[in-house]
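Every number here is computed from the coordinates shown, using simple stated rules; none is lab data. Worth saying up front: this structure is predicted, and the values here are computed from it rather than measured. Note that each Cβ is placed from the backbone with ideal geometry, even for glycine, and that neighbours are counted across all protein chains shown.
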Amino acid sequence: MAAARGYPIPTPNLQYVDYAFNVFGYAMKIPDGVEKRGSSINAYEFDGCNWKEKLAEARAQGQDVYRKTFDFTPRELSDEVDARVEKYFVVGLTYSKIPRHVLKLHPAQKPRHPVGNVLHDEAIIGASDSQIPTLVVAPEVRKSGGPSTLFGLLCPREGLCQPIPIQRRSVFYLIHYRDDATTFKKRELAWNKLIQRYQTLRRPKKAKLQPAPEKAAEEPQPVPPVQKDVMHSFIDNNEGGWEDGDSGSFAREFHQKWPEAPTFSNEDISLVKRQLVDQEIIIEPRLLRPFVIQVMTWLRDLRSYGVDVGRVAQQAIDQIRVLFGAGTNE
C-alpha cells in the first residue's frame, strides 16, 4: 500500500496510531501492510446479501472467504472502475466472529472518558489462527442522508472483494475516524460523522421541467457579466486573480454546494490560500471538497497550538491523496 505522511496532530488526549479501537474501548493491533490512516480501494457493488448468506455461498462454491494478504491487487488500485465496481476507502478492521463481551464497555474503560488515548493490555483482542482481520470500508459516494453504511470486504474473486454490511459496533476504527467522544453512543454517531467528511452525498435527480411554449421574438437583453469562478481561483495558483474579497464568495459557494460541510471563516480561507501559493501546493479539482474539509478541521482543532499553517495544508493534501488514490505532491 502507499504510505501516508501522517501529520502528528496534538490533541488534549493523544490517540494511539498503531491500534484500531471499537466504541467500547477494545483494541486491535493494526497488522503490517494496513495503512494506519486509511487508503482507497476498489470493490464490487453491494449486491444485497448479508454477512451470513455471503459466507455460506462462498463456502458452498469452494471460494476463499478471507483475503490472504493486505497487498492490494491491480484491480483494487486502478483509477478506472468497471461496471458493478465502486470506490471505497478503508476506515477500520473487524473479524467475522467477535466475542460478545467485546461488544460491551470494557471494564477498564472509564465511563464518560474517550477511547483510544489509553491502551489496556487486557483490552487488546488477539488475531485468529484461521483468518486475518477483515478490512472495513465506506463508499466514497453516500447514497442517503442518514448514517454511512460500513462494509466488510470478504470473498475475494478476480482481484476484488465483495462488500458486506457490518454493524458499526463491530468495527475497530483507525485513528483518522476517531475523536474524544466520551460515551459509546456518542462515539457511534461522532465517528460515523468523521467518515462522512470524506464522502460525497449523491442527491436524487430533480424532475425535468417541461419546455415552455415558444414566445414571440423579443428585443435582445443585455448579457449579464460573467461571474468569477472563485472555486477554480482557489486551487489555481498560476491564475493570480484571487483577491481578498473572494474568500467570502468561496465560503458561500462551497457551503451552497456542500451544505453538510463544517463552517469556516473567510480569514481561514485567505490564510490557506496564501499558503497554497507560497508553498506551491497544487490541489486537483476532484480533491477540493475533502481538502478544504480536512484542512479547516485541523486548523480548528490545532489553533491553540500555534501550528504552521503551511505544514498543515501540505499534510492535509498528502493525506487526502492517499485516501483517494493519488500520490503525494513531491
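Miscellaneous remarks
- Here the spin labels are modelled as points 7 Å beyond Cα on the Cα-Cβ line, and at GLU243 and SER78 they lie 4.8 nm apart.
- Each residue in VAL85, VAL171 was given a count of other beta-carbon atoms within 10 angstrom of its own, and listing them fewest first yields VAL85, VAL171.
- About the centre of its Cα atoms, the stretch 11-119 shows a dipole size close to 840 debye [charges on the beta carbon of Lys, Arg (+1) and Asp, Glu (-1) only; nearest 20 debye].
- Options ALA83, HIS101, VAL65, ranked by Cα towards positive dipole end of the stretch 38-181, top entry (Cβ charges): HIS101
- Extending 7 Å from Cα along the Cβ direction at ASN117 and again at ALA56 yields two label points whose distance is 4.5 nm.
- Extension gain, LEU105 back to THR149 (0.36 nm per residue minus Cα-Cα distance, nm): 13.6 nm
- A Förster radius of 25 Å combined with the Cβ-Cβ distance from ASP278 to ARG252 puts the calculated FRET efficiency at roughly 0.50.
- TYR44, TYR66, TYR88 arranged by Cβ crowding within 10 Å, fewest neighbours leading: TYR44, TYR66, TYR88
- Most positive-pole-ward Cα, LEU194, CYS161, PRO31, against dipole of the stretch 19-201 from beta carbon charges: LEU194
- For a straight C-alpha distance cut-off of 12 angstrom, the aspartates and glutamates reachable from LYS193 (same-chain residues fewer than eight places away being disregarded) are ASP179, GLU260.
- Placing unit charges on the Cβ atoms only, positive for Lys and Arg and negative for Asp and Glu, gives the stretch 19-201 a dipole magnitude near 920 debye about its Cα centre.
- The stretch 230-323 shape via C-alpha gyration tensor axes, a/c threshold 1.5: rounded
- Applying a threshold of 31 Å to the alpha-carbon distances of LYS68/LYS186; LYS54/LYS257; LYS143/LYS186; LYS97/LYS143; LYS29/LYS54; LYS52/LYS185 flags LYS68/LYS186; LYS54/LYS257 as lying beyond it.
- Charge sum, other residues only, whose C-beta stays under 12 Å from ASP32's C-beta, Lys/Arg counted +1 and Asp/Glu -1: -1
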